[in-house]
1. If you place +1 on the Cβ of every Lys and Arg, -1 on the Cβ of every Asp and Glu, and leave all else neutral, what size is the dipole of the chain about its Cα centre, to the nearest 20 Debye?
2. Eight or more residues apart or on different chains, and alpha-carbon atoms under 18 Å: count the Lys pairs in the chain matching that.
3. Under 1.5 on a/c is rounded, so check that first for region 1-44, then, if it is not, pick prolate when a/b is larger than b/c and oblate when it is not; a ≥ b ≥ c are the square roots of the alpha carbon gyration tensor eigenvalues.
4. Hey, could you grab the Kirkwood Rh for the chain? Inverse mean 1/r over distinct alpha carbon pairs, Å, one decimal.
Amino acid sequence: MKKENEEKEEKFQIAYAMSLITQIGVTVSVITVSFIGLGYYADRYFDTLPVFVIIGAVLSFALSMFAVYRLVLPMMDKFEKEDKKE
């Protein structure tokens, strides 16, 4: 019985990790494409091609790192609580 619970917990952790990786990938991709795309369209409108694309890339990097931090934070809190129990 205890072995079954450990196996279920391990499968859950693997599924959670895969879900988190997928969320991170999609989040970073959507933010990057959105900001660089908006920068490109702003550059075409104002006829200043590299300026807004570069600004969009820098902003997308910063926002992506913040979003990844927010996604990973609950997992880090969970690991800290488990370490304190042991």
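Bear in mind these aren't lab numbers, they're just calculated from the coordinates by the rules spelled out. Computed from a prediction, not measured in an experiment: that's the story for all the values here. Note that we place each Cβ from the backbone using ideal geometry, even for glycine, and neighbour counts take in every protein chain shown.
1. The dipole magnitude comes to about 120 debye.
2. 4
3. Here region 1-44 falls in the prolate category.
4. 15.5 Å
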